[in-house]
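What follows draws every value from the coordinates through simple rules; no lab data is involved. This is a predicted model, so every value here is computed, not measured. Using ideal geometry, Cβ is built from the backbone for each residue, glycine included, and neighbour counts are taken over all protein chains shown.
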Amino acid sequence: MNPNAQTYKPPYWQYQGTELHRDTGVPGSRFLAFDLPSRVGDRLHYPDGRVLPFPYPAKSAPNSRL
């Protein structure tokens with residue numbers, strides 16, 4: 001995430017989405033997957049905004065499907 005970006009806070013009369021925040025009763029280990037990248041095609045999209053090419057295994061690697 002951009003450290004200089006400001007977090008949007010809607011006006012009090014608009015929908016706040018409070019049920020979408022992490023529940024303090026749920027252990028943090030249940031949210032570890034949210035720190036992992038999402039694969040979209042041949043790119044990895046990280047939660048902090050980075051987009052990197054997908055690291056395909058070398059063709060000579062054992063058990064490679066390429």
- Label points 7 Å out from Cα along the Cβ direction at F34 and F54: separation in nm? 2.5
- Message: Can you give me the C-alpha center-to-center distance between the range 7-21 and the range 33-57, rounded to a whole angstrom?
- Response: 28
